[in-house]
Every structure is written in C-alpha cells, then in structure tokens.
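Let me begin by presenting the structure, written as structure tokens, before commenting on it.
The values are calculated or read from the model by the stated rules, or taken from the named source; none is laboratory data. Quick caveat, the model's predicted, so the values are computed rather than measured. Backbone-built Cβ (ideal geometry, glycine too); neighbour counts: all protein chains shown.
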C-alpha cells in the first residue's frame, strides 16, 4: 500500500468515525457500523472502507480490533436473500471518441486548465488508474514505472509494472505532463482533477447524463488493447492486473479507437503474469478442429464426408 493510499485510508477512517461512531471506535462498534451502512454503498467501496478501517486500527496498535474489522462480512452480499438491496452502479462512460476528446482538450487549453489537461493526457496514453498518477516514475531508458494503487501487503492484488514508450518525443511529453501534475499546488491533485473534470464536462455538455471521467480513458485503453495483437497476459501487464480474468471488465473490440503500438510491457512483468495465470492460460489453449470432430451433417454440407471414415461396429 503506497503512501497516497495510506493517506486516503486515514481520511476515510476519520470521516467514518466522525459520522458513524458514537464514543470510542472499538472493533465491535466499527464492525457493527459497517454492517449497518452496507446498503448505502457499492460492495467494492464497502470493501475498501473495511480495508481502510482495519488498516488504521492496526496502524494505531489495536491489532485485535483490526482483525475483528477485517473479518467483517458484508451482510448484503453474503446473504443471497438480500442481493436485491445491493446499491446499483453509477453510470460511467467507458469509452471516449476522438471528437469528444479533442473538444475537451481544446476546452481545457483555452481555459488554462493545465493540471487537468496533464492528468487526462497521462491516463489516456498510459491507461493507469487515477490513484497511480502521482507515483509514476520516469526512467532514463524511455520506461515508466507504474506502482500499483491496488497493491496489498500480502501481494494478492494489484501489479506494479514497467512499460516502454517507443517514441522519445512522446516519452518526453508525458514526463512534462507528469511534472505539471505533481507540482500542482493542491494537497491531493488527483481529487482536484476528478472534481474539476466533473465540473468542466458538465459545462461543456450540460445535456448529457453521463460524461467522461479519468476512468473513461483507462477503459478506452483496455478496449484498444483487446483489439490489438497483444495476448491476455500482455494486456494484464499494462493495465496492472495480476489475473488475466480482470481484463474482462473493459470494453470489447467494437469500442476500440486506436492502436497502442507505442506502448510495450517489459518481458519480466509479462512472464510474472504468465506464471500467476498458468492454469488459466492452459485451460484457454484452443483445441485444433479436426474433420473427425465435425458432425456428420456438417461434413455432408461441406462435402467432407469422403475424408472421414467412421469406425464401423
């Protein structure tokens, strides 16, 4: 868990204590409060909230309380009879067409929104998570280290990765964008950009119910990679997933927009993903179709019956 994530956990926990807990935040009180508010949050956020509270309790030296909080189960998702209570997902735009992207970037430049412009540029070209923007490391050999915002202490989620940018000019432009972003005079530039982007896109497209966010460009990257000749392990390595199954959340080839040939994951990271997903990759190996595997009806339609001599009893 990187420093930004830790600070985010502390902020979430402080707000939870202030709004949900009366008295000392013991393990039982926190656990009961978590269960009570489960219907108000999406399961993913509820899980993040539980992780944050357990982390802060452990950081403060309350190890038993931390274990008690971490063991708390979501009463809605764990009970099949209450699944209807799960809060619906907020509509999120998962692709960005070129016309909208150009209109937005021009608007950001015209209004001198440099920090927001820099953040959109980084996410659109690298596909990184918004929470990973600040921690990007630009190396001398045109490679970029992207520490995972999903990394856990037991290393069962998230993937740190290194990507190579083929064009030197693009690498330098991305590095300049990162400098602008990290030097912004805000305590949390990522949160600033997310809120600012929401405000500006509402001004730009007031009639739209769903507008692009930073995650829209990450999903666009996933769609573009799926339409490329990269295999699932390479795509997971770029997107920062340990499991190749995780790339299923991104759009399909139909929503792809452009080639990502400028971007390559390092071979070491790809091999690491392949080792983790060895059983999945083996089960996905395509079986060779043979004439003997076709039904007699299909063989007849294709005129292949003469090539197949079924065994007679």
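Considered as a group, the residues in the stretch 244-256 that are surrounded by 16 or more Cβ atoms within 10 Å (Cβ to Cβ) and part of a loop (DSSP other than H, G, I, E, B) include one that is modelled with the highest pLDDT, and that residue is 250.
In the stretch 192-204, the count of residues that are out of contact with any strand residue (DSSP E or B) (no Cβ under 7 Å at 6 or more places or on another chain), in a loop (DSSP other than H, G, I, E, B) and within 22 Å of residue 119 (Cα to Cα) is zero. Would you be able to say whether some residue in the stretch 210-217 is within 18 Å of the chain's Cα centre (by Cα) and free of Cβ contacts under 8 Å to residues at least 12 places away in the same chain? There is no residue in the stretch 210-217 that is within 18 Å of the chain's Cα centre (by Cα) and free of Cβ contacts under 8 Å to residues at least 12 places away in the same chain.
Scanning the stretch 178-189 for any residue that is surrounded by 13 or more Cβ atoms within 10 Å (Cβ to Cβ) and within 16 Å of the chain's Cα centre (by Cα) turns up nothing. Of the residues 33, 52, which single one is in contact with a helix residue (DSSP H, G or I) (Cβ under 9 Å, 6 or more places away or on another chain), modelled with pLDDT of 90 or more and more than 30 Å from residue 136 (Cα to Cα)? Going through 33, 52 in turn, just one is in contact with a helix residue (DSSP H, G or I) (Cβ under 9 Å, 6 or more places away or on another chain), modelled with pLDDT of 90 or more and more than 30 Å from residue 136 (Cα to Cα): 33.
The set of residues in the stretch 73-116 that are surrounded by 14 or more Cβ atoms within 10 Å (Cβ to Cβ) and assigned to a loop (DSSP other than H, G, I, E, B) comprises 74, 75, 76, 77, 86, 87, 93, 94, 95, 96, 113.
Evaluating residue 28 against the criteria (1) more than 27 Å from the chain's Cα centre (by Cα); (2) in the same structural domain as residue 192 (by TED's automatic domain parsing) leaves one unmet condition, (2).
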